[in-house]
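Chemist: Handing you a structure now.
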Amino acid sequence: FDRNVTEIFYSLTHTKWHRGYATETAKAMLDFGFNVIKLDRIIGFIEPGNNGSRRVLEKSGLREIGSLDYIPKENDFFGNTLFEITYNDYLNLK
C-alpha cells in the first residue's frame, strides 16, 4: 500500500447513483490531477463485485491492473481491485 500514489475517490448517496455524477466527477479529478498538479499516474480501487464503480473507472479511462493481497486494516473499506491511468494513457483519451 503506497501512500505516494494519488488515488481517485468518490462517494455518492444511493439516491444520486445512475445519473453520471460519479463519472463526471472522476473525469474532472483526472483533468485536475494531470493538467493542474502534473501527476504521472492516478490509481483507483473498487470492491469486488461493485460493477457500478468498475464502469465509472473504465469510462474515465482507468484500466484494471490486478488486485492487492494486503491492504492495511485502516484502509480495508477501499476494496482490493486496483485500476490505474498514466498521464500518457490520459492523453490518448483526448
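Chemist: In this structure, does Val5 turn out to be among the aliphatic types (A, V, I, L, M) and modelled with pLDDT of 95 or more?
Modeler: No, not satisfied.
Chemist: Considering only residues of the range 18-53 that are touching a Gly at 6+ places or on another chain (Cβ under 6 Å) and in a loop (DSSP other than H, G, I, E, B), which is most open to solvent (accessible area, probe 1.4 Å)?
Modeler: Going through the range 18-53, the residues touching a Gly at 6+ places or on another chain (Cβ under 6 Å) turn out to be 39, 42, 45-47.
With in a loop (DSSP other than H, G, I, E, B) added as a condition, the list becomes 39, 47.
Details: Leu39: 37, Glu47: 94 Å².
Here the residue is Glu47.
Chemist: Does Val56 satisfy the condition of being modelled with pLDDT of 95 or more and exposed (fewer than 11 other Cβ atoms within 10 Å of the Cβ)?
Modeler: When the stated conditions are applied, Val56 does not pass them.
Chemist: Search the range 77-94 for residues being loosely packed, with under 11 Cβ neighbours inside 10 Å and assigned to a loop (DSSP other than H, G, I, E, B), and hand back the single one that is modelled with the highest pLDDT.
Modeler: The selected residue is Lys94.
The values are calculated or read from the model by the stated rules, or taken from the named source; none is laboratory data. Computed from a predicted structure; not experimentally measured. Heads up, the Cβs are rebuilt from the backbone with ideal geometry, glycines too, and the neighbour counts pull from every protein chain shown. The accessibility values were calculated without ligands, DNA or RNA, using every heavy atom of the protein model including side chains. Shrake-Rupley method; radii C 1.70, N 1.55, O 1.52, S 1.80 Å.
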